[in-house]
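The values are calculated or read from the model by the stated rules, or taken from the named source; none is laboratory data. Source: prediction; values computed, not measured. When we count neighbours, we look across all protein chains shown, and the Cβ atoms used for this are built from the backbone with ideal geometry, even at glycine.
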Amino acid sequence: MTISDKKAVSPNQFVIDRTLKAPVEKVWKMWTTKEGLEKWWGPEGFSSKVSHLDVRVGGRFEIVMTAVLPEIIAHLKSAGMGDSSIAKGDYTLIEPNRRLIYTNAVDFVPGVPPYTCTTLIDMSATPSGGTRLIVSNDVMHDEQWTTMATMGWTQQIDKLAKLLG
């Protein structure tokens, strides 16, 4: 695996850019099936359960992420949050084995009115039979939350890369 997280082209996005040691079709299944998502979705210290998945334009997903480490649970509680949250998104573009775009709800931050972010997932085959994966995500409402979102995405993509070898 090569890692080259980089700054986004736009100040309104952050980007995670990785090369994974698995073919595009396998990476696509990890993003578009309940079985795949439950194996890697969420940052370190969280388990995930897909409660709804309809991968089509106009479809949506809901993934319950639950903290499993005591120190993370304590941190969440001190921030006024529960140990579980639901990642919710609405698919706006589906190009099989190539691209997913979805809007996701940010409705879990105490004291911050709900809003949406857009996530773009690009996949392309590499000459070695792997997959270049580029995840572009809108920044959040402030720098601290954007930093935490970037860390969370980095950890989840690390989990995916490890799972794929």
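State whether the residues of the range 106-119 include one that is polar (S, T, N, Q) and over 21 Å from Thr19 (Cβ atoms). Scanning the range 106-119, I find at least one residue that is polar (S, T, N, Q) and over 21 Å from Thr19 (Cβ atoms), so the answer is yes.
Which pairs turn up if I take residues in the range 129-154 that are closer than 11 Å to Ile16 by Cβ and look for partners that are aromatic (Phe, Trp, Tyr) with beta carbon separation below 8 Å, at least 6 apart in sequence or on another chain? Qualifying pairs under 8 Å: Val135/Trp153; Ser136/Phe14; Asn137/Phe14; Asn137/Trp153; Ala149/Phe14; Thr150/Phe14; Trp153/Phe14. Asp122 fulfils the conditions (1) of a type outside the set (Lys, Arg); (2) under 14 Å from the mean Cα position of the chain (by Cα); (3) not in a strand (DSSP E or B) except for a single criterion, (3).
Elements of the type strands (runs of 3 or more DSSP E) sitting completely within the range 1-115 and holding at least 1 residues that are without any contact (Cβ under 8 Å) to a residue 24 or more places away in the chain and surrounded by 14 or more Cβ atoms within 10 Å (Cβ to Cβ): these cover 46-53, 60-67, 84-95, 99-106. The set of residues from the range 103-132 being modelled with pLDDT of 95 or more and in contact with a Phe, Trp or Tyr (Cβ under 9 Å, 6 or more places away or on another chain) comprises Thr103, Thr118, Thr119, Leu120, Ile121, Met123, Thr131.
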